[in-house]
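Encoded as structure tokens, the structure appears first; notes follow it.
The values are calculated or read from the model by the stated rules, or taken from the named source; none is laboratory data. Predicted model only: the values in this text are computed from it and were never measured. No Cβ is skipped: glycine too gets one built from the backbone with ideal geometry, and neighbour counts run over all protein chains shown. Side chains included, ligands, DNA and RNA excluded: accessible areas come from the protein's heavy atoms. Shrake-Rupley method; radii C 1.70, N 1.55, O 1.52, S 1.80 Å.
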Amino acid sequence: MLPAKTKSRSFRRKNIRTPGGKLVIHYSRRAPAKLKCSNCKKELHGIPRKISSKFKNLPKSKKTVSRPYGGNLCSICSRIKLKELRQ
Amino acid sequence: MGVIYVPFVQGLNLRSLDNKMLMDIGRVCIKIAGRDAGNYAVVIDNIDSNYVIIDGYVRRKRCNIKHLEPTSNMLKITKKASTEEVKKALDTIKIKVKKDQKFIKNFKPKKDQEEVKKPLKKNIIKNNAKK
């Protein structure tokens, strides 16, 4: 009997032809949604789309952007924010 | 030195002004881009119309003018001054932002709360026995 995860559509399906000539289905988790800038809703760079179980094993530098507001605001919005904080 | 300073207004482009006037030696700036963003820097040297050398509470390095936000403060320092001299001069100005503050992202003010001592088990048993 197939495992229960084959019913769930949160798993992505991929048809793969094996070296023996068979067609097999491979199941894998869908990638989470892209992160967006909280101000202008643009997609953020520098943050990988991974499942939380694999994301937590990454080093800190690969999970965030080292700038203040990194991983939350895009570079243009953070510049505007930092200029406002000057006064 | 007749330096014109225009305060920051959203949508107003500072670059339309003369960059040489704004980015003279001794100009106090705020770094906007990169991992040192939000910290105070001082212009030490001019390389060309686009690049300057900065120092202060940032790494001493070459920097694009677009990554700096000039303030109204000027310091009296020599060309290519050492980091100690620059930091001393910066401390004379009253700056609101903390020096080495990795601010905003991980900034949490410390709470001045006294630790509450838990009563020992012996005392609880004794008090219960009295009742």
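Over all residues in A:58-71, what is the mean tally of Cβ atoms on other chains that come within 10 Å of each residue's Cβ?
Numbers: counts 0, 0, 0, 0, 0, 0, 1, 1, 5, 10, 12, 4, 4, 1.
Across the residues of A:58-71, the mean count of other-chain Cβ atoms within 10 Å is 3.
Put simply, what bits of region B:32-47 lose 50 Å² or more of accessible area when the other protein chains are there, versus the chain on its own (1.4 Å probe)?
For region B:32-47, once contacts with the other chains are taken into account, B:32 lose 50 Å² or more.
At the nearest 100 Å², what buried accessible area, both sides summed, do you get for A and B when the probe is 1.4 Å?
Details: alone 7600 and 10470 Å², together 16540 Å².
About 1500 Å² of accessible surface is lost on pairing.
Spelling out what I want: for every residue of region B:39-53, take phi, set θ = phi - 60°, compute 6.51 cos²θ - 1.76 cosθ + 1.60 (Karplus), and round to whole Hz; glycine and proline get x.
9, 8, 9, 10, 6, 9, 8, 9, 8, 8, 5, 9, 10, 10, 9
Can you give the Rg to Rh ratio for region A:11-86, taking only C-alpha atoms and Rh from Kirkwood?
On the way: Rg = 18.6 Å, Rh = 15.2 Å.
Rounded to two decimals, Rg over Rh is 1.22.
Per-residue HN-Hα couplings for region A:34-44, Karplus 6.51 cos²θ - 1.76 cosθ + 1.60 at θ = phi - 60°, whole Hz, x for Gly and Pro?
Once rounded to whole Hz, the list reads 5, 6, 10, 5, 6, 9, 10, 6, 7, 6, 8.
For B:67, A:26, write out the residues from largest to smallest accessible area, computed with a 1.4 angstrom probe and no ligands counted. It would help to have the intermediate numbers written out before the result.
On the way: B:67 60, A:26 95 Å².
Sorted by accessible area, descending: A:26, B:67.
What's the carbon and sulfur percent of region A:11-86's accessible surface, probe 1.4 angstrom, rounded to a whole number? Could the numbers behind the result be given before it?
Numbers: 2950 of 5670 Å².
Carbon with sulfur: 52 percent of the solvent-accessible area.
Would you look at the GNM of chain A, springs on alpha carbons closer than 10 Å, and say which of A:22, A:62, A:42 moves the most?
A:22
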